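> After the structure tokens below, expect a handful of questions from me.
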């Protein structure tokens, strides 16, 4: 504990988690006061335990990364769901679990809305609470659906609950453009279960973790009877199997290692789009780039907060000459435009011909406004987000050929969608993420984002380079381990070596299809067993 107290970032994260937990409890109070009587009557000691289990689950994710806690938290929820025969009562337990999980885990949304988006507090607070409540509907849906399937307790815990839990995680990561943050598998980016990522992706890791939770629930009830011993044996096989898979080499080095410089400008978000600060911003990045002798230098998302044609030509020439002297290229985040609109993009200058990548997966309300004729006036009236209605880049864009590599870029939270990242593969030899998480202040959002990037490296068998404005700027190995990392909220350049890789992992070949087939097989088995049981019962009644 004393060691933790000597690290201000961890202390801040712990304090923020406590505040987030309080916000979750406040959310219950708000709803209990203003919602109907059914909601108020739904809260009891089991609801409180579900809420607490959801909040504790957050400690499994970065920056805490105690990967066993989400499994234990989900085991508690599964054990409580087994006691509930009513789908409605089960749904309330899932909802409370979701309130704890998302209330404690993503309350940093408020910082983006109020502190940097200038949304009035009286709107930002309910907006954050409503978003948390919306996300909590997915665990509620999972709890409701599993209760609708009448099957023996062991099968329900080990097959039904895990399968439906992961299906609703996938649904949350897909519907309304998707928000897969705090997907259970991300907590295992550096655990033995991470070995399954290379085959089934993050949802496959979620599935194994959820099955583990179900096995723990069986073990808690059966103890050292035959079912309990079997549950323990399966647990050991699953976790040791994951550890074995981590040791398998799925991809091979391509070419020689090369030097990289990942620039962290640490430009305050309230100054980033301030015209008076523009000259200082450009000078900061010019100075940091010219200090680098790396073959590949990468700037963060919209590091130059200008359209490509607005960037001073003398600056472009100076940076291009410097990159050519180093025998490589510089990648710069900026904006771009054509007849279709404006884009969040990255362009290259240096030894290779200039190339562009335009962000495809945009942030709802942050980068584009859905139903613009209906909602545009309201969003523009309450949020002050520069370039908040962008065009979408093409779904199929080639890797950037720079520094002797084929680089697969993604911008901001595009890297939370694994099946979109693999579109560049197997052609791409290395992954690259340009981000600006300054929107979320000194919260644990940036750490969670870096943990997500670790999973992308695991799934693809490629290194991941991350250049961010305020952090986390890092170099991640193909095994998902963070090799180098800059302190957050400091101006610095991360210098290191990177290696390109070739080859395809199983996940690169089939994406999320593998885990969906596995889930289908689990539920089909349950259906067959259920039908067999009903036939046996019908035969006995004759």
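> Against the longest alpha carbon principal axis of the chain, how many degrees, from 0 to 90 and to the nearest 10, is the axis of helix 197-222 turned?
30
> Restricting to Cα pairs below 8 Å that are 6+ residues apart, what does the relative contact order work out to for the chain? Please round to a whole percent.
15
> Eigenvalues of the Cα gyration tensor times 5, then square-rooted: what semi-axes does that give for the chain, in whole angstrom, largest first?
42, 27, 20
> If we restrict to alpha carbons, what Rg and Dmax does region 251-323 come to, in Å?
Using the Cα atoms of region 251-323, the pair Rg, Dmax is 14.3, 48 Å.
> Given 0.36 nm per residue, what is the gain on full extension from residue 224 to residue 171 after removing their alpha carbon distance, in nm?
15.4 nm is the gain from fully extending residue 224 to residue 171.
> Calculated from DSSP H runs of 4 or more alone, at -39500 (n - 2.57) each and per residue, what is the 222 nm mean residue ellipticity of the chain, nearest 500?
Estimated from H runs of four or more residues: -16000 deg cm²/dmol.
> So how long is each side of region 259-369 along the principal axes, counting just the alpha-carbon atoms, biggest first, in Å?
43, 29, 24
> Kindly give the semi-axes, whole Å and largest first, of the ellipsoid equivalent to region 54-176, taking each as the square root of 5 times a Cα gyration tensor eigenvalue.
Its equivalent ellipsoid spans semi-axes of 29, 16, 11 Å.
> Let me ask something else. For helix 513-541, report the angle its Cα long axis makes with the longest principal axis of the Cα atoms of the chain; keep it between 0 and 90° and round to the nearest 10°.
So the inclination is approximately 10 degrees.
> How big is region 120-222 by the Kirkwood estimate over distinct Cα pairs, in Å?
Answer for region 120-222: a Kirkwood hydrodynamic radius of 14.9 Å.
> May I pose another question? Using only the Cα atoms of region 386-542, each taken as one equal point scatterer with no solvent, compute I(q) by the Debye sum, divide by I(0), and report log10 of the ratio at q = 0.09, 0.10, 0.15, 0.18 Å⁻¹.
Here the Debye-derived log intensity ratios amount to -0.40, -0.47, -0.83, -1.10.
> Something else now. From Cα coordinates alone, what are the radius of gyration and Dmax values for region 65-120 in angstrom?
Over region 65-120's Cα set, Rg and Dmax evaluate to 15.7, 46 Å.
> Ok, one more. Tell me the angle of helix 313-325 to the major Cα principal axis of the chain, expressed in degrees between 0 and 90 and rounded to the nearest ten.
The two axes meet at around 80 degrees.
> Same structure again: How high is the FRET efficiency from residue 314 to residue 395, r the C-beta distance, R0 25 Å, rounded to 0.05?
Given R0 = 25 Å and the Cβ-Cβ separation, E is 0.10.
> Sticking with the crude label model, points 7 Å out along Cα→Cβ, report the distance from residue 286 to residue 528 in nm, one decimal please.
7.0
> With only alpha-carbon atoms counted, please give the Rg and Dmax of region 252-504, in Å.
For region 252-504, the Cα-based Rg and Dmax read 17.1, 53 Å.
> Ok, one more. Based on other C-beta atoms within 10 Å, arrange 67, 102, 95 from fewest to most.
Sorted ascending by nearby Cβ count, the order is 67, 95, 102.
> Shifting gears a bit: Take the Cα pairs of region 186-294, get the Kirkwood Rh, then feed it into Stokes-Einstein at 25 °C and 0.890 mPa s and tell me D in µm²/s.
D, rounded to a whole number, is 133 µm²/s.
Here, each number is a calculation from the coordinates, and none is a lab measurement. Since we're looking at a predicted model, the values are computed, not measured. Note that each Cβ is placed from the backbone with ideal geometry, even for glycine, and that neighbours are counted across all protein chains shown.
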